[in-house]
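In what follows, a single structure is set out as structure tokens and then discussed.
Just so it is clear, none of the values below were taken in a lab; they were calculated from the coordinates. Nothing here was measured: the structure is a model prediction, and the numbers come from that model.
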Amino acid sequence: MRRIPFATHADTFIAITMNRQPIQYKGYQVAPAAQQLPNGLFAANLTIGKTAPDSSRTHSFDALDYFFDEEHAVAYAFRWGRMWVDSHQ
């Protein structure tokens, strides 16, 4: 049986490099993060805000899902954030 990776190579690279700083995406600041829980899993968390100087409203999403690997949690939060931005334009 062939194993299908959860995250694509591009998403994994983004996850590794992005866990500490937000990304600009279509006028939004997308800040994915992974939080390690006491049980060893990582929660995929996300904060999204407009990049316009007059906009101070942000949206926070905690524990979108849970993962065994930190990289997968961050990659998932980033993909989820892109879909959220795409659906709110």
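So for segment 30-81, Kirkwood radius off the Cα pairs, Stokes-Einstein at 10 °C and 1.306 mPa s: how many µm² s⁻¹?
Rounded, D is 142 µm²/s.
With θ set to phi - 60°, apply the Karplus curve 6.51 cos²θ - 1.76 cosθ + 1.60 along segment 57-69 and write out the HN-Hα couplings as whole Hz, x wherever there is a Gly or Pro.
Each residue's phi maps through the Karplus curve to give 7, 10, 10, 10, 10, 9, 6, 4, 6, 10, 9, 7, 10 Hz.
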